[in-house]
Amino acid sequence: MSKILEGLKYSESHEWVKVEGNVAYIGVSDFAQKEMGDITYVDLPAEGDDVVAGEEFGALESVKAASDLFSPVSGVVVAVNGELEDTPEKVNEDAYAAWIIKVEMSNPSEVDALMDAAAYQSFIGE
Amino acid sequence: MKYYDKLIFELSQEGRKGYSLPVNKFPQSPELPVQLQRASAPRLPQVSEPEVVRHYNNLSQMNFGVDTGFYPLGSCTMKYNPKINEEVCALPGFAGLHPLMPARLTQGACKVYEAMNAALAEITGMHTFTFEPCAGAHGELTGLMLMRTYHMMRGDLKRTKVIVPDSAHGTNPASAAVCGLEVVEVKSLENGRIDVEALKPLLTDEVAGIMMTNPNTLGLFETQILEIAKLVHGAGGLLYYDGANMNPMLGVVRPGDMGFDIMHLNLHKTFSTPHGGGGPGSGPVGMTEEVAKGLSQIKVSGFHGNFGVILRAYAYILSIGKEHLKEVGQYSVLSANYIKECLKDVYKLPIEGVCKHEFVFDGLVNDGGHDDVHGATTLDVAKRLLDYGFHAPTIYFPLLFHQSLMIEPTETESKETIDAFIEVMRKIAAEAAEDPTLLQSAPHNTVISRPDETTAARNPILKYWDTL
């Protein structure tokens, strides 16, 4: 069984969002990291890049596959988790501690369209 | 198999050599700038001639290829490469060619290009081909450049998007991105085919075209292709055919007749030239007369592509003959369906029905126990196959399923070989149900068992000297 945290919002492409005021931390779910297997590389955007809800902002690579990361919200990247460049395994170790980008949201209401923990639980059907 | 795992560097002994060169009488060239001169000699292995010969012979004994065994690598068409192709290629008149020779000395080669162009045009229903691209993805890029040029020549500059199905080969979106086009994904239906209703709203006046593989990467024929062609053309776009899966279509269905405007062929797959290990390949691009108007604006090779590969493919076409080429596709389809039907009770078949030259299982029916860590996975099945002397199939592609295992037997395997493979696959399924750890720790009979792929990817060591 994959871990799902209460209080976070989830996208259908398996990203989680943690909202703090106007800022959103974005990572991938425990389910996603398990499906990917050992993560070997995290392709990060640059600080200051624009992200658009539903569009790609980076990628994860594992031994099995490369998978695009999709932003659940629109806005500007105000920080990236540079630690993941050298230690991508942190995504496997704790997917919810390993945030990938921090976004200043331009339209915080986009969060409402995402799933809560219970909805995500039934979405992945475990 | 003899156990041999030495690196040539490990054989090195100070002062040993396998050559004898005269003393260099010339002073060091003063023209070479200091920063480009070596500060120290390269650290090459110091070995004698017999050591070099034995080293590489021993390594080659451990090689697995289509000349040593069955190689059911889905989407790669690892068919047997007839040796007559090599004989033709080795004829001195061909082997001694150079692209800068005067035209009067290269007429034979020109004739091969011309005849091959006519043969491929007839097989595919295209108007003409360019032979410059040196591989499939190179062909895709060339084809998309032609697509872009076609729209630009009509003054239609808005078309910057390319539609790609979610089942596509990864090279399709990559080629589109390299060509400066934006990729739009279209979903597949439950039956593995493109969702035509989902396609319709994507067909705006910004769409340059669609890239399709038919049969697709699930080995399934896109039955709606004529409707899709009508819709895409109606919206002003073009259709690109990824020829990676052309094998079952040979002599049966032509991309031109399905409505495709541009396509590439993988001569190294469909037309039996050796590949794997990165080439050499050949990805000629075919096109309609309308698209060919832009061909003179595109140059993707220094000369005329990989002539040796084109020549081998031509030898293959001639030696099989027009009347038998159709059987290539038919037997490849028969072999694939036979394996599928014989194994679908022990491997999950996500989509029922007749496949073309390949098909995809979604892991084992009984993986021997499911907890948080899984029972035996597709990876474990593939590793276990090595113990029984078969090459592993393509795994974890396409991405539509979690445990994809993609088998393509090709037409060149005998029933005995195919039956032996089926027997082993059934045996592995039974092993998984009984004791999945046997698979999880496989392979047991190979020189190296499971390399640590994760560490290799995270911290690659690319130079021998870095290991000391």
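Only DSSP H runs of four or more residues enter the estimate; each adds -39500 (n - 2.57), and after division by the residues of chain B the mean residue ellipticity at 222 nm equals -10500 deg cm²/dmol.
Using +1 on the beta carbon of Lys and Arg, -1 on that of Asp and Glu, and nothing else charged, what's the dipole of the protein assembly as shown about the Cα centre, debye to 20?
Working: 47 positive and 79 negative charges, 590 e Å.
Here the size comes out at about 2840 debye.
Using Cβ contacts closer than 10 Å as the measure, can you line up B:MET152, A:MET1 from fewest to most? Can you show the working numbers first?
On the way: B:MET152 14, A:MET1 11.
Listed from fewest to most nearby Cβ atoms, that is A:MET1, B:MET152.
For B:PHE9 and B:THR437, the FRET efficiency from 1/(1 + (r/R0)^6), where r spans their Cβ atoms and R0 equals 45 Å, is about 0.80. Is chain B best put as rounded, prolate or oblate by its Cα gyration tensor, with a ≥ b ≥ c the root eigenvalues, rounded for a/c under 1.5, and otherwise prolate when a/b is larger than b/c, oblate when not? Cα axes put chain B in the oblate bin.
When you restrict to C-alpha pairs under 8 Å that are six or more residues apart and normalise by the size of chain B, the relative contact order lands at 18 percent. Here r is the Cβ-Cβ distance between B:LYS200 and A:GLU20 and R0 is 35 Å; the resulting FRET efficiency, rounded to 0.05, is 0.30. Could you compute the net charge surrounding B:SER335? Neighbours are other residues with a C-beta less than 14 Å from the C-beta of B:SER335; K and R count +1, D and E count -1. For residues surrounding B:SER335, the net value is -4. Placing unit charges on the Cβ atoms of the charged side chains and taking the dipole of region B:319-468 about its Cα centre, the candidate lying farthest along the positive direction among B:TRP465, B:THR437, B:PRO409 is B:TRP465.
Once you order the gyration tensor axes a ≥ b ≥ c over the Cα atoms, which shape class does chain A get: rounded for a/c under 1.5, otherwise prolate or oblate by comparing a/b with b/c? It would help to have the intermediate numbers written out before the result.
Working: a/c = 1.72, a/b = 1.07, b/c = 1.60.
The shape class here is oblate.
Restriction of the chymotrypsin sites (Phe, Trp or Tyr not before Pro) in region B:202-310 to DSSP coil positions whose beta-carbon has at most 11 other beta-carbons within 10 angstrom yields B:PHE303.
Adding -39500 (n - 2.57) for every DSSP H run of four residues or longer, then dividing by how many residues chain A holds, sets the calculated 222 nm ellipticity at -4500 deg cm²/dmol.
Cross-link partners for B:LYS17 among the aspartates and glutamates, with Cα-Cα distance under 18 Å and sequence neighbours closer than 8 places in the same chain left out: B:GLU49, B:GLU51.
Region B:401-442 and region B:87-165 have Cα centres spaced 38 Å apart. With a cut-off of at most 10 other beta carbons within 10 Å, and DSSP calling the residue loop, which chymotrypsin sites (Phe, Trp or Tyr not before Pro) in region B:106-178 qualify? Please list them. Here no loop site has a sparse enough neighbourhood. Centroid-to-centroid, using Cα positions, region B:1-26 and region B:323-390 are 45 Å apart.
The aspartates and glutamates within cross-link reach of B:LYS25, meaning a Cα-to-Cα straight distance under 20 Å and a gap of 8 or more places when in the same chain, come to none at all.
When only the Cβ of Lys, Arg, Asp and Glu is charged (+1, +1, -1, -1), the dipole of region B:210-269 relative to its Cα centre reaches about 100 debye. Longest stretch of chain B clear of exposed loop sites (GluC sites (Glu not before Pro), DSSP loop, at most 11 other Cβ atoms within 10 Å, sites excluded): B:191-351. Full extension of the chain between B:SER414 and B:SER60 gives 124.9 nm of extra length, using 0.36 nm per residue less the Cα-Cα distance. Listed from fewest to most Cβ neighbours within 10 Å, the set B:THR142, B:THR454 follows the order B:THR454, B:THR142. Put in line by how crowded their Cβ is, counting other Cβ atoms within 10 Å and starting with the fewest, B:LEU21, B:LEU220, B:LEU295 read B:LEU21, B:LEU295, B:LEU220.
In this structure the amide hydrogen of B:ILE163, modeled in the peptide plane, comes within under 5 Å of the amide hydrogens of B:VAL184, B:GLY209, B:ILE210, B:MET211, none closer than 5 places in sequence on its chain. With each label modelled as a point 7 angstrom along the Cα→C-beta vector, the B:ASP67-B:LYS158 pair spans 5.6 nm.
Starting from the Cα-Cα distance between B:GLU190 and B:ALA430, subtract it from 0.36 nm times their residue separation and give me the gain in nm to one decimal. Show your work: numbers first, answer last.
Working: separation 240, 0.36 × 240 = 86.40 nm, distance 2.90 nm.
So the extension gain works out to 83.5 nm.
I need to check one value: relative contact order of region B:168-249, counting alpha carbon pairs closer than 8 Å and at least 6 residues apart, in percent. Relative contact order comes out at 29 percent.
Given the options B:PHE421, B:VAL346, B:PHE361, identify the residue whose Cα lies farthest towards the positive end of the charge dipole of region B:327-436 (+1 on Cβ of Lys, Arg; -1 on Cβ of Asp, Glu). Projecting each Cα onto the dipole axis, the largest value belongs to B:PHE361.
Take chain B, mark every one of the trypsin sites (Lys or Arg not before Pro) that falls in a DSSP loop and has at most 13 other Cβ within 10 Å, then report the longest stretch left between them, sites excluded.
Working: sites that count: B:LYS2, B:LYS6, B:ARG16, B:LYS17, B:LYS25, B:ARG38, B:ARG43, B:ARG154, B:LYS158, B:LYS187, B:LYS299, B:LYS463.
After excluding every exposed loop site, the longest remaining stretch is B:300-462.
Counting only the backbone N, which residues of region B:1-27 are under 12 Å from the spot 7 Å out from the Cα of B:ARG43 toward its beta-carbon? Only B:9-10 fall inside the zone, counting backbone N under 12 Å.
Could you compute how fast region B:265-317 diffuses translationally, taking Rh as the Kirkwood radius over C-alpha pairs and applying Stokes-Einstein at 20 °C with viscosity 1.002 mPa s? Give it in µm² per second. The partial results should precede the final answer.
Details: Rh = 12.3 Å.
For the chosen part, D equals 175 µm²/s.
Report, ordered by chain and residue number, the lysines lying within cross-link reach of A:LYS34, taken as a straight Cα distance under 25 Å and ignoring same-chain residues fewer than 8 apart. Cα-Cα hits under 25 Å: A:LYS3, A:LYS9, A:LYS18, A:LYS64, A:LYS90, A:LYS102, B:LYS187, B:LYS348, B:LYS383.
When a/c is below 1.5 the answer is rounded, else prolate if a/b is larger than b/c, else oblate, so apply that to region B:362-421 with a ≥ b ≥ c taken from the square roots of the Cα gyration tensor eigenvalues. Taking the square roots of the gyration eigenvalues as a ≥ b ≥ c, region B:362-421 is prolate.
Once you reduce region B:283-304 and region B:197-261 to the center of their Cα atoms, the two points are 20 Å from each other.
Laboratory data are not the source of any read-out in this text; all were calculated from the coordinates shown. Computed from a predicted structure; not experimentally measured. Positions of Cβ are backbone-derived with ideal geometry, glycine not excepted, and every protein chain shown enters the neighbour counts.
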